[in-house]
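Enquirer: Let me begin by handing over the structure; questions about it come next.
The values are calculated or read from the model by the stated rules, or taken from the named source; none is laboratory data. Computed from a predicted model, the values in this text were never measured in an experiment. Quick reminder, even Gly has a Cβ in these numbers, built from the backbone with ideal geometry, and neighbours come from all protein chains shown.
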């Protein structure tokens, strides 16, 4: 069983952290491969709708590359905006799971209502689009931006942890959340620390998506190839053109 | 890692089938225990709201019994009405996953819209309540009753298979479903046959719930114990009284 | 015209209060009978999902008992979680009305948005499930828990009244509610006091359900026996088994 | 206890039928008064948005007239578009109940999903606006127009009955409705005939609204006078001006 | 290209302000005509549901009068409750656009979520009905009443401007609105002042509706005359009767 | 007043048709510029999620290029999937309007419920995501795919017209639509023909978006630059990188 986790930004350190979180969640008998775009082939970080286009393109290309070298049993898209998820599904018939998607699904099982604590407030619109797409609008008590940029999470010291923790506590106390969802792949490393300080479940998307992808692969549930996610028309898939 | 699957009806054959489906979906390193109520301690089958009360009571009691003998890392409620799910969550802090719930979550990842093919039409109301509770109303293209009673599924011959298959095909063709959800734990054994005949993913709830429970347990995501699912008030939990 | 009000907890004082509230709301020409489970045959109070299972079972049994002695023209389920409502509907063809259900219906006619003031916050999840089931999510401005346990309401002195009143005032002022719904049958006795202090309608579920049940019975509107609420399959209805 | 039923069209025969249906539903101890606008003071029938404006104006004026002669304990607006309902609520502090509103509320208690069988298809838009306003969109399985004009219902012979019946049967069979709502006050006289032929509850709005109004009046639940339904500003209420 | 803007209240100064705002938004090649009811033929202001009936009647009559003198290429209903909009649509086959409707549509294009700042809080119910009718419930972050009566807006000095501005700022800061919608035709004159003080788009309904009406007329999109908005039945349209 | 219409596919003939439709809808005093990506810089057609990524990237780049040469007063994205709309909004403070978005907004004003007739059924998922994002789920009666590929529309003879017409007629008759929305920029040229054959309004997205963009620009309503659509972080916007 091989799961490929795709980090659509170009940070190698970020990719290593994704690999570690996925491996911890996978259990025995699963090979985790984590990939990211080469420098200049994807965004440095995904913090805007423009970044997201670049991220989506990187995801589609990396799936294509993985297919060229044999393919995997499932794919995880390790960016909380789930960029390129639909495009990736057109390219394979195995499960493709986004970390926002998976985090929301498991958080909805863990309690009544979750809160998403994310990086910049400007990404809240995208989070709300995903909540609508996946139908978790009632299950979501709140989405809060900490205003900590994605790339600062990596080098986040005690201040960033305190800031994220304060938002989590506020969501539990004031918004009535009984589960916390971390709204960025770069927050995976904070999970343990936050759990120690909070009395509600904390969901990291990378671990969640790895588990969901594995659950689907083992239960024989792939991506439906009927209509929407069928292979693209025979014209050369444009997202993969060289330009 | 130990997962206890609870079949709330009293059929031992049914329970064995649940165990087999759960084991196949669990992968290495997981112990699956399947339990059911003793004769007279639960319903023969769950086909009415009255049955569901008895099923919910059986689920709460079986969780309590499992706790008394050490407890498990996660629980699966193996009946498509998810009876007693909320009550079970009050009793433990590990994941408790219903098979309707899990099937809907994974089906929503596998495609755009799923159809539920179930047993008696009289249970469609309950299925719709669950679709609302878990927020999958847009993701669900249709719910169809085959009018095959639960206990006849076990001894289902070619006729029953043909009937279920016909409903699946109709849902794909007429309702626009691109994923099929089997709406009864007793249909698990049909999954392989149906997959061979259909060109869309087929989701069996027992396999789905096992995978989701495992994903949660490995990702460190338990049941939130804040407010709603906290341990019941210290008065003796009434559902467990002897009467 | 005979209406049977079912209090699913074992408190006789509670049952007497339900009878009084129902009688006051029924008007001339109506016989009100109020019943509750014998000690050990139901929960002391309904404050958890586990309690609710026991309450549902008590409701189904008490309907069955009433049928054995001739039946009634309508039934009221006098517990704000509406436990066993669907099961009771399977057993009869006359109206069966829950107090949460009826309170929400009449509150929606009385104003634009109501607030529910209830006992323990842990029951808010159940209230939200009912708001979704009955489709009053937009009509409900807020649900607040006072944290006063059900059985303390009976012996509630001035402190409890002041606490409930403060929550009502807050809901009107801060949540924009223009109608108050009392979220527990045990609050019926507070209705007069609260009305004297508030300038918005106050809805007690027992009175509301009695009126709705009577309206239906007189207008010739029973419970639909098509499919969902048809009599359960001929296997012995499991909820009523001795075990 | 006095309930005034307002028929906003100018047909005296129609008004008499409303009175009869209301009286039958009210039970002992209730005085029913039925009023309608004088010729030229209201529409002949309510079959368009233009008619509805005239109907709304007639309702407001008739409430004003009733207040001038002492007022009533509750009002029923006996036209399925519920014209002038909000305006009437501004004028009184007792319950004001529309027949569409009440029919939907009681139908939702009687079963899982109702179908509305109405007169002209051009009124379906208004029915859908009311379903949204009262939040019964999921509870409504279908709205069908029979294309029988309102005033022809009065003199409806066997043909009209057969047509309405055919639509009811279709709604039960094809739309999955388990309750029928008659979408015009003029259909009240068909209720008995339809019930004899159908195996699901049939809800007539006039009977339903009478029962709901009575339930509210007896339970002490009036119209909230906070903000929206407070008495209009002291400028002369424009709807009542002579022009 | 001729657009008739209908102010349903009897204020001539208000009507002149509507004309000015519409003209500024129309661009070259468009004739703007602004009309209002004669004194006594409509409400002084629209601040209640009773006023709204009178306003709806005035709108239907003014459309009828305009048709008698040749008709227009599009109509704008210049009152934020969009009174008589559906009735006007029955009378013509060209576009009829309400200012609440148009403001909501353009605000939804301008940003993620808008807030409506209106006059009296008692009109918020009507605004919410329109948000539901036009499906902008998620796009609307908040509706706030300033409690400034409609007719005081005309003579509004610095105090009123400061009050409206304070509510706009609060909506942006506390409700997360990124667009402001002015909830009264009488606020059109404040638009420039508010824009100078706020860093988000400010939408005046009169300008918005003029632009939408023009866009429809030029794109050849009229009012659908199929069923709902077809000409009323041949009985004399009741809203236009003399009484 | 200058409006730039962006066709994200590389077809020059397609771009010319977009320009013609936009010019006809704009009226006097407006300069229309239509642009498309150079060969290899965008997709040949947009018929898959992979195509859409390439289209989004082309849109963002073409806005950037237009800004470099002075910018426009408004932008129209002339592809029914509205690709790159959010990204374009981050780059400017003037209106950016998608043709799906605008067509839905104007269709909602033209009637009660519209049907979308589009090209390949595989794009229906995207259309449904947009209906949810723009909140037109109730206003949309149906979405139908004709299975005519985008590029065949250009050279569409009588057969294609007949096929599209048949779907329009079916939507009006069977789905209850009273307005038709053409679901592809390439269908603009069919508008006149379809209008001649149908008795309901037909909405072409290019004309609609041009009108909406102009309405916003003339009413002084730009894109909100608060948070979500603020200029992207100072890291080089990744979607525009050379790679």
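Enquirer: Examine segment B:220-240 for a residue that is in contact with a strand residue (DSSP E or B) (Cβ under 8 Å, 6 or more places away or on another chain), modelled with pLDDT of 90 or more and either assigned to a helix (DSSP H, G or I) or not assigned by TED's automatic domain parsing to the domain that holds residue B:40 (or both), and state whether such a residue exists.
Expert: Checked against the condition, which is being in contact with a strand residue (DSSP E or B) (Cβ under 8 Å, 6 or more places away or on another chain), modelled with pLDDT of 90 or more and either assigned to a helix (DSSP H, G or I) or not assigned by TED's automatic domain parsing to the domain that holds residue B:40 (or both), segment B:220-240 yields no hits at all.
Enquirer: Filter segment F:1-15 down to residues that are more than 20 Å from residue F:103 (Cα to Cα) and out of contact with any helix residue (DSSP H, G or I) (no Cβ under 9 Å at 6 or more places or on another chain), then give me how many there are.
Expert: Count: 2.
Enquirer: Could I ask something else about it? Whether any residue in segment D:132-141 is part of a helix (DSSP H, G or I) and free of Cβ contacts under 8 Å to residues at least 40 places away in the same chain is what I want to check.
Expert: Yes, some residue in segment D:132-141 is part of a helix (DSSP H, G or I) and free of Cβ contacts under 8 Å to residues at least 40 places away in the same chain.
Enquirer: Conditions: (1) outside any loop (DSSP other than H, G, I, E, B); (2) at pLDDT 95 or above. Residue F:151 meets all but one. Number of the miss?
Expert: (2)
Enquirer: Being part of a helix (DSSP H, G or I) and within 14 Å of chain A (Cβ to nearest Cβ): is that true of residue F:47 here?
Expert: no
Enquirer: Please state which one of A:151, A:131 is surrounded by fewer than 24 Cβ atoms within 10 Å (Cβ to Cβ) and within 12 Å of chain B (Cβ to nearest Cβ).
Expert: Every option except A:131 fails the conditions.
Enquirer: Test residue D:169 against the stated conditions and say whether it is away from chain C (no Cβ under 14 Å) and more than 30 Å from residue E:52 (Cβ to Cβ).
Expert: Judged against the criteria, residue D:169 is not a match.
Enquirer: Going by what's in this entry, would residue F:81 be described as buried (at least 24 other Cβ atoms within 10 Å of the Cβ), assigned to a loop (DSSP other than H, G, I, E, B) and in the same structural domain as residue F:216 (by TED's automatic domain parsing)?
Expert: When the stated conditions are applied, residue F:81 passes them.
Enquirer: Anything in segment C:11-22 that is surrounded by 15 or more Cβ atoms within 10 Å (Cβ to Cβ) and under 20 Å from residue C:69 (Cβ atoms)? List them, or say none.
Expert: Across segment C:11-22, the qualifying residues are C:15, C:18, C:19, C:22.
Enquirer: Then there's this: Hey, does segment D:27-50 have a residue that's without any contact (Cβ under 8 Å) to a residue 24 or more places away in the chain, crowded, with 24+ Cβ neighbours inside 10 Å and in contact with a helix residue (DSSP H, G or I) (Cβ under 7 Å, 6 or more places away or on another chain)?
Expert: There is at least one residue in segment D:27-50 that is without any contact (Cβ under 8 Å) to a residue 24 or more places away in the chain, crowded, with 24+ Cβ neighbours inside 10 Å and in contact with a helix residue (DSSP H, G or I) (Cβ under 7 Å, 6 or more places away or on another chain).
Enquirer: Any residue that is assigned by TED's automatic domain parsing to the domain that holds residue F:116, assigned to a helix (DSSP H, G or I), surrounded by 24 or more Cβ atoms within 10 Å (Cβ to Cβ) and in contact (Cβ under 8 Å) with a residue 40 or more places away in the chain - is there at least one of those in segment F:188-196?
Expert: yes
Enquirer: Pick from segment D:63-93 the residues that are touching a residue at least 60 places away in the same chain (Cβ under 8 Å) and over 17 Å from the mean Cα position of the chain (by Cα): which of them is nearest to the other protein chains (Cβ to nearest Cβ)?
Expert: Ranking the candidates gives D:90 first.
Enquirer: Still on this model: Of the residues D:115, D:60, D:100, which single one is more than 7 Å from every other protein chain (Cβ to nearest Cβ), buried (at least 23 other Cβ atoms within 10 Å of the Cβ), assigned to a helix (DSSP H, G or I) and touching a residue at least 60 places away in the same chain (Cβ under 8 Å)?
Expert: Of D:115, D:60, D:100, the one residue that is more than 7 Å from every other protein chain (Cβ to nearest Cβ), buried (at least 23 other Cβ atoms within 10 Å of the Cβ), assigned to a helix (DSSP H, G or I) and touching a residue at least 60 places away in the same chain (Cβ under 8 Å) is D:100.
Enquirer: In this structure, does residue B:108 turn out to be more than 11 Å from chain C (Cβ to nearest Cβ), part of a helix (DSSP H, G or I) and either under 21 Å from residue B:228 (Cβ atoms) or out of contact with any helix residue (DSSP H, G or I) (no Cβ under 8 Å at 6 or more places or on another chain) (or both)?
Expert: Against the criterion (more than 11 Å from chain C (Cβ to nearest Cβ), part of a helix (DSSP H, G or I) and either under 21 Å from residue B:228 (Cβ atoms) or out of contact with any helix residue (DSSP H, G or I) (no Cβ under 8 Å at 6 or more places or on another chain) (or both)), residue B:108 does not qualify.
Enquirer: For residues that are within 7 Å of chain D (Cβ to nearest Cβ) and closer than 20 Å to residue C:83 by Cβ, tally how many sit in segment C:135-148.
Expert: Of the residues in that region, 2 qualify.
Enquirer: While we're here: Please pick out the residue among F:161, F:172 that is touching a strand residue (DSSP E or B) at 6+ places or on another chain (Cβ under 8 Å) and farther than 30 Å from residue F:92 by Cα.
Expert: On inspection, the qualifying residue turns out to be F:172.
Enquirer: Read through the list (1) in contact with a helix residue (DSSP H, G or I) (Cβ under 6 Å, 6 or more places away or on another chain); (2) over 22 Å from residue E:96 (Cβ atoms); (3) within 14 Å of chain F (Cβ to nearest Cβ), then give the number of the only condition that residue E:208 fails.
Expert: (2)
Enquirer: Tell me which residues, restricted to segment F:155-168, are surrounded by 14 or more Cβ atoms within 10 Å (Cβ to Cβ) and within 22 Å of residue E:220 (Cα to Cα).
Expert: Selection gives F:161, F:164, F:165, F:167, F:168.
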